[in-house]
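Notes to accompany the following structure.
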Amino acid sequence: MFEKLSLISLSSFIRNKSIQNFLFLAVIQSSNVLISIISMPLLIQGIGVDQFGLVNLALSVIILLNILVGFGYNLSAPREVAVNQQDKDALSHLVSNVFSSKIILASMATFVIFLGVFGFNLFQEYQMILVFSSLLLFSEATLPLWFFQGMEKMKLVSIANIFSKLLFLMGIVLFIHSPAQSKWVNFMMGFFGLAINLSLLAYIHFFMGVKFYRPEFSSIWKSLKENVLLFFSNLASHISINGGLIILSFFSVAETLGMYSLAERVVMVLRLFPALIIQAIFPNASKLYKSDAERFYKFMKNVYLRVLFFGALISLGAYLTAPWIIKVLSRSELDESVLYLKTLAIVPFMACLNVGNVVLLLVADLKELLFKASWMMCLYMIIASSILTYFFGGVGLSYGIISTEIIVFLICLVLLYQHKKELVHGFYT
């Protein structure tokens, strides 16, 4: 494997569109993480710890509703764009319908928030913060990341994302100075994101020749029906990956929650690696799958070997540097957090194991199997993690998360073998 890696010249490596997709996606995610880290002390100083917690709580509600706004288009739309790259008319209709669908879904999600706040008096501690945060739903709806993924032109959208986050950071410094201004924090994030996204849409129209048509409601309804399973798959994955802390809250004290959440946040950032790989190679893999099966399997095998190699390096690095990472983030010696991080360090590598299976499911448009796998994983994670957490606390939850990664790999492999044996044979043999 090392000999194969050495054969790749740096120039051809950088020119590879899948590599470029991954690098620019990594830039987007890392800039989001970096801005989040920089903004935390500024917000705490400006609005106080209590309001900071409520701002993040409102943001958590929005993130959950953004799964509805996305409705699986982040998985299905890049494939459709990649297949229709050269057909401007088909591309125009596709882009118009996807954006229309997402804006309709964002409007529905906003209506749910307003109904909960003004109709049922829910979210009492942070009602106005949540109402002002609803602009983030339209920022998500107009984000053309999926379009640039499918076109394999990620440079512009990554630069635009960084610019949006820098504007948000500047807004915090200039305008957020008291607890009463906490409702403007998420609003500013949504406002700058929406403004940049609208600029990108103008670029798509005027410089890339993509037209925007009136919504075709029959096509929109058809795409929504086709994406239902992807939506529920995303929802199940979100619960499986981010639900551990909620489970731990039923069995542990606040101090343990804090210790575990610190380690978990580090691991969840590292776990973005396999997810970014899937998003980066998906458009090219979709084209190869339709046009040349032999090249598709060769491409997938080469990618998979490298993903496993770098995944192992990431996990090993996290394990060896766990004490230093925790000390830098917390500015203190937290042995319990170090223990959790060392235990969870293998998660990024375990997640890499399933990269091949997920891409096979996506390119073959096996949404039903992906739906089954996601909810089987979710069910297993809730049961196993609850039992292990009850008996062993945070360490038990860590082992529950690790075992979930193993189980979902086996589930996907078995489902693929049962329904598409030729895909399994072509990829693994």
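The values are calculated or read from the model by the stated rules, or taken from the named source; none is laboratory data. None of the values given here were measured: they were computed from a predicted structure. Ideal geometry is used to build each Cβ from the backbone, glycine not excepted, and the neighbour counts take in all protein chains shown. In case anyone asks, the SASA skips ligands and DNA or RNA and just uses the protein heavy atoms, side chains included. Shrake-Rupley method; radii C 1.70, N 1.55, O 1.52, S 1.80 Å.
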Notebook entry, point to check: Which ³J(HN,Hα) values, rounded to whole Hz and listed in residue order, are derived for the range 387-399 from phi using the Karplus coefficients 6.51, -1.76 and 1.60 in 6.51 cos²θ - 1.76 cosθ + 1.60 with θ = phi - 60°, glycine and proline given as x?
Noted result: 5, 5, 5, 4, 8, 10, x, x, 5, x, 4, 4, 5
Checklist line | Amide N proximity, the range 393-412 versus Asp335 label position 7 Å along Cα-to-Cβ, cut-off under 19 Å | finding: 393-396
Checklist line | Residue-by-residue Karplus 3J(HN,Hα) for the range 279-294, coefficients 6.51, -1.76, 1.60, Hz, glycine and proline x | finding: 5, 6, 8, 4, x, 5, 4, 5, 5, 5, 4, 7, 9, 8, 4, 5
Item checked: With all protein chains modelled, accessible area of Ser182 [1.4 Å, Å²] -> 10
Check: So which trypsin sites (Lys or Arg not before Pro) in the range 253-340 pass both tests, a DSSP loop state and at most 11 other Cβ atoms within 10 Å of the Cβ?
Finding: Arg331
Notebook entry, point to check: What are the ³J(HN,Hα) values, in whole Hz, obtained from phi via the Karplus relation 6.51 cos²θ - 1.76 cosθ + 1.60 with θ = phi - 60°, for each residue of the range 107-123 in sequence order, with x given for Gly and Pro?
Noted result: 5, 5, 5, 5, 4, 4, 4, 4, 5, x, 6, 8, x, 10, 6, 8, 6
Item checked: Cα Rg, Dmax, the chain, angstrom units -> 21.8, 64
Next item on the list: Give, in nm to one decimal, the length gained when the segment between Lys327 and His177 is fully stretched (0.36 nm per residue of separation minus the Cα-Cα distance).
Entry: 51.1 nm
Notebook entry, point to check: Pairs Lys287/Lys421; Lys225/Lys298; Lys211/Lys421; Lys102/Lys342; Lys225/Lys420: which are spaced more than 31 Å apart, C-alpha to C-alpha?
Noted result: Lys225/Lys298; Lys211/Lys421; Lys102/Lys342
Check: Mind checking Rg over Rh on the range 368-422, alpha carbons, Kirkwood formula for Rh?
Finding: 1.11
Checklist line | Reference-scaled alpha-carbon Rg (2.2 N^0.38 Å with N residues) for the range 177-247 | finding: 1.69
Next item on the list: Quick one: divide the alpha-carbon radius of gyration of the range 152-306 by 2.2 N^0.38 Å and tell me what you get.
Entry: 1.41
Notebook entry, point to check: Where in the range 178-227 are there trypsin sites (Lys or Arg not before Pro) that are in a DSSP coil and have at most 13 other Cβ atoms within 10 angstrom of their Cβ?
Noted result: Lys211
Note to self: How large is the direction-averaged shadow of the alpha-carbon convex hull of the range 294-405, in nm²?
What the structure shows: 8.2
Next item on the list: Sort out the exposed loop GluC sites (Glu not before Pro) in the chain (DSSP loop, at most 14 other Cβ within 10 Å) and tell me the longest stretch that has none.
Entry: 1-215
Notebook entry, point to check: If you stretched the chain out fully between Leu305 and Tyr417, how much longer would it get, using 0.36 nm times the residue separation minus the C-alpha to C-alpha distance?
Noted result: 38.3 nm
Notebook entry, point to check: How high is the relative contact order of the chain, in percent, with contacts defined as C-alpha pairs under 8 Å that are six or more residues apart?
Noted result: 19
Check: To the nearest 10 Å², what's His238's accessible area with a 1.4 Å probe?
Finding: 60
Checklist line | Convex hull volume per residue in cubic angstrom - Cα atoms of the range 106-233 | finding: 147
